[in-house]
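The values are calculated or read from the model by the stated rules, or taken from the named source; none is laboratory data. Values in this document were obtained by computation on a predicted structure and should not be read as measured data. So basically every Cβ, Gly included, is an ideal-geometry build from the backbone, and we count neighbours across all protein chains shown. Ligands, DNA and RNA are excluded from the accessible area calculation, which covers all protein heavy atoms including side chains. Shrake-Rupley method; radii C 1.70, N 1.55, O 1.52, S 1.80 Å.
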Amino acid sequence: MRVHAAGVRARDGVHGLVILASALLSWIAASQAQSADATTDSKSQRLGKSWFTEYNSITFRQVPKAGQPLDLRRLDLDLLDAAVFHETNRRRQQHGLAPLPYSGKVRQMASIQSRAMAQSGIVSHEHPEPSKKTVADRARFVGLQPSFLAENVASSFGRKYKSGQKFFVREEGGRKLYSYEPDGPPIPMHTYLSFAEALVDEWMASPGHRENLLHSAPQFLGCACEAGRNNSGIETFYCTQDFFAPLKGN
């Protein structure tokens, strides 16, 4: 069965990405609070940890699975998060900065916001729950005491679709296909690696997000993406990266 839809266009920001103004927060706490270790992971945060800790920005690119197309039916979110993590560090190294170590708690912060964005379809630094409303609230929620905190958020297409370009939708074998022509070849899905590259490209093209990504102050990095949809129906991922440095003495 093949069902055609009229040509439509989708936009989720410049070159396929919606980016909001990034939050860059730095402060010294007025008083000591309960100590929190940024590198300590709970059991739930250790899933997929090896993708982050057993590879670096060079060796991760050699992982065969990272070069496979994204498939929502068998999506490995740990691998996708790791792809964004290592791509971020690769860009930092290209600019003479040290790669940032993985922190499960910082990734947990990012995951909290990405999940909320995917559920609402809205890209924002604000969370609907009061206890997690701001990035600072989310740091406290996971047990972190920051001296530095910065966050980038975005949504990006899972396909190699050019934002704003006309496309057509049809059904074949019960699956939706997206193409630039009515019976044209499907627009291909990103691989884990190419998605991370496209996402970080857009952050790097925005001055505020670039500042966060290339800042010298953070000591840990956490990245997380969640699958969702936008109004066009094209597969969309909502992603967050958080940069963190702990309060001195913690």
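On full extension of the chain, what length is gained from S179 through E54, given 0.36 nm per residue of separation minus the C-alpha to C-alpha distance?
Difference between extended and current length: 41.2 nm.
If you count only protein heavy atoms with a 1.4 Å probe, what accessible area per residue comes out for the stretch 128-232, rounded to a whole Å²?
Per residue, the stretch 128-232 has 41 Å² of solvent-accessible surface.
Please check which bits of the stretch 215-230 a label hung off A136 would reach, taking the label as a point 7 Å along Cα-to-C-beta and the cut-off as backbone N under 19 Å.
217-219
Please report the net charge: other residues with Cβ closer than 12 Å to the Cβ of M109, K and R +1, D and E -1.
+3
Once both labels are modelled 7 Å past Cα along the beta-carbon direction, what's the A227-Q94 spacing in nm?
2.8 nm
Roughly how many percent of the accessible protein surface of the stretch 53-187 is carbon and sulfur, given a 1.4 Å probe and a whole-percent answer?
50 percent
Give me the percent relative contact order of the stretch 194-247, please, defined on Cα pairs under 8 angstrom at least 6 residues apart.
30 percent
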